[in-house]
Amino acid sequence: YMLDVSALLSKSGLKEQYALFGGYAVLSHLMATYGPYAAISWRGSNDIDMAGTQKVLSVLVSGFSIDSNRKSPNVTDKRTIKLHDENEQECRIDFFVGDFEKRFGKPVTNTHFGVDVSVVEPLALIRSKLQTPVREVQHAEDILGLISVLEKKGYTEDKVASFYRSNEVSSLIDRIDLGVGNSSDDRHGFLPGKKYLEVVRKMLHKRRPV
């Protein structure tokens, strides 16, 4: 569904009017860095998190078979859309309508199997993961995977650590520690180097508010 949605939006001339975040954005970055087989080892997700314009929402609703399209009772700019295809399982999209660049910054484009996918860039994606429940291990593992992507892209440890505000670093350190504690067996190679991660963690610790 991630590729189907992205292909439809590209065909409609809307690839600059949306961005994926959440688990599928993490998957996109892992595939772009480690190759398409990263998808086999990925943790999976039950929904696609997207932010975009009202026009993007309209194209999604008209371009797929829709089981439901409901406004969130708790979040003013959020809608939950359920897509259905005869040959696929149901797909849920949590769609946030509005200025996604103000929320996440300018997205980047990853290309998978010839399809351009607009995704929140890794540093901002890590920041968004700090809004998830603290003890949900999959988000901590996502953060480690994204740090490994940044390492592969050549980001210095200081560039990573300095991106985060002083009131975010404690939460990020906690999630790094949780992820490391649950990822001792690096079977799939989605962990950053130990030295790189150690330096990032130390720099984050120095940025903690006194």
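Each value in this text was obtained by applying a stated rule to the coordinates, not by laboratory testing. What you are looking at is a predicted structure, and each value in this text was computed from that prediction instead of being measured. Heads up, the Cβs are rebuilt from the backbone with ideal geometry, glycines too, and the neighbour counts pull from every protein chain shown.
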Please work out how much length the chain gains when fully extended from ASN167 to VAL61, using 0.36 nm per residue of separation minus the C-alpha to C-alpha distance, in nm with one decimal.
34.3 nm
Hey, how many Å between the Cα centroid of the stretch 1-43 and the Cα centroid of the stretch 45-73?
16 Å
Would you mind counting up the charge near SER166? Only other residues with Cβ under 9 Å from its Cβ, with Lys and Arg at +1 and Asp and Glu at -1.
+2
Report, in degrees rounded to the nearest 10, the 0 to 90 angle that the Cα long axis of helix 194-206 makes with the longest principal axis of the chain.
90 degrees
What angle, in degrees between 0 and 90 and rounded to the nearest 10, separates the Cα long axis of helix 137-152 from the longest principal axis of the Cα atoms of the chain?
80 degrees
Can you tell me the relative contact order of the chain? Whole percent, Cα pairs under 8 Å, sequence separation 6 or more.
21 percent
Efficiency of FRET between LYS202 and LYS102 - r from beta-carbon atoms, R0 41 angstrom, step 0.05:
0.80
Please identify which residues in the stretch 58-99 have an amide N closer than 20 Å to a label point set 7 Å out from the Cα of LYS11, following the Cα→Cβ vector.
58-67, 82-93
For mean projected area of the Cα convex hull in nm², which listed value, (i) 12.2; (ii) 10.1; (iii) 16.5, comes from the coordinates shown?
(i)
When averaged across all projection directions, what area in nm² does the alpha-carbon convex hull of the stretch 125-210 cover?
5.2 nm²
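How long is the gain from GLN131 to THR76 if the chain were fully straight, where each residue apart is worth 0.36 nm and the alpha carbon distance is subtracted?
Value of the extension gain: 18.1 nm.
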Net charge near GLY105: determine it from the other residues with C-beta under 13 Å of the C-beta of GLY105, scoring Lys and Arg +1 and Asp and Glu -1.
+1
